[in-house]
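S.K.: Below is one structure. I have some questions about it.
Read the figures in this text as sums done on the coordinates, not as results from a lab. Please read these numbers as outputs of a predicted model, since none were measured by experiment. Counting neighbours? That spans all protein chains shown, and the Cβs are built from the backbone with ideal geometry, glycine included.
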Amino acid sequence: MKNSFIILTFFIAGIICGLLLNPPENFPVETISLWILYILILLVGVTVGADLEAFKLIKSMKFKIFLLPAATIIGTFSGVLALSFFLRDISVKELIAVGSGFGYYSISSVIISQITGDKLGVIALLANVFREIITLLLTPLFVKFLGKFAPISSGGATSMDTTLPVISKFCGKEYSVISVFHGTILTILVPVIIPIILGAGVHK
């Protein structure tokens with residue numbers, strides 16, 4: 001939990017800095033964040049590459065490795081269907097489309113905005129950002145109470161990038177390869193599944 005509080009502290013500190021310093025619009029936040037992320041992923045890759053046990057785990061799983069992204073999809077849709085009983089203002093189809101972002105907020109929110117409009121796009125953005133933040137903060141608890149596959153599934157598409165370092169730290173290096181595979185599969189599926197669910201790309 002200590003690491004989760006550290007992450008949360010830095011997140012809040014960033015918000016405060018943004019409010020107080022009011023950086024210019026052309027400040028390259030995304031570029032800096034992207035390069036920091038690249039460095040983190042490189043370091044995770046070096047750690048995994050130095051440990052052959054990680055690849056032995058993949059080899060032992062064989063086709064079972066596809067069950068994890070499948071379970072993530074089923075679990076996400078099941079959760080969305082449960083929420084649909086409480087969110088009457090949004091159709092089940094739209095809720096499933098939001099859930100189909102699997103944490104990949106940048107592309108899912110854009111696709112949904114183009115097809116249905118900005119309102120649902122903003123909802124998709126926030127929902128998938130929160131999915132990423134929850135994974136970053138609660139991974140230690142997920143590992144302790146639900147097992148090492150839980151934070152990978154929770155991270156969704158982000159398990160290949162932004163949540164990979166924290167997953168690697170608390171699940172172990174051998175799970176990093178599984179995490180990258182899981183995130184890659186879901187990342188590929190996001191721009192395919194969402195238009196199918198929403199009935200494909202007509203601007204409203």
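S.K.: What nm distance separates the two modelled labels at Met61 and Ser78, each placed 7 Å from Cα along Cα→Cβ?
M.R.: If labels sit at Met61 and Ser78, their model points lie 1.9 nm apart.
S.K.: If you don't mind, another one. Quick one: if you stick a label point 7 Å off each Cα along the C-beta vector at Val110 and Ile90, how many nm between them?
M.R.: Going from the Val110 label point to the Ile90 one covers 2.1 nm.
S.K.: Going down the table (Lys144/Lys173; Lys148/Lys169; Lys144/Lys169; Lys64/Lys169), which pairs top 21 Å between alpha carbons? Before the final figure, lay out each step's value.
M.R.: Details: Lys144/Lys173 17 Å; Lys148/Lys169 11 Å; Lys144/Lys169 13 Å; Lys64/Lys169 23 Å.
Correct reply: Lys64/Lys169.
S.K.: While we're looking at this one, here's another question. Using the 10 angstrom Cβ neighbour count as an exposure proxy, how do Leu81, Leu125 rank, fewest first? Before the final figure, lay out the partial values.
M.R.: On the way: Leu81 13, Leu125 20.
Arranged by neighbour count, lowest to highest, Leu81, Leu125 become Leu81, Leu125.
S.K.: Moving to a separate point now. Just want the ordering: Cys171, Cys17, from fewest to most Cβ atoms lying within 10 Å of their own Cβ. Walk me through the numbers before you get to the answer.
M.R.: Details: Cys171 21, Cys17 11.
Ordered from fewest to most neighbouring Cβ atoms within 10 Å, Cys171, Cys17 come out as Cys17, Cys171.
S.K.: In addition: Tell me, Ser84, Ser106 in order of fewest to most beta-carbon neighbours within 10 Å? Intermediate values should be presented prior to the final figure.
M.R.: Values: Ser84 16, Ser106 13.
So the residues, fewest neighbours to most, are Ser106, Ser84.
S.K.: Whole-Hz ³J(HN,Hα) for each residue in the range 106-117, computed from phi via Karplus 6.51 cos²θ - 1.76 cosθ + 1.60 with θ = phi - 60°, x for glycine and proline: what do you get?
M.R.: My calculation for the range 106-117 gives 5, 7, 5, 5, 5, 4, 5, 4, 5, 8, 10, x Hz in order.
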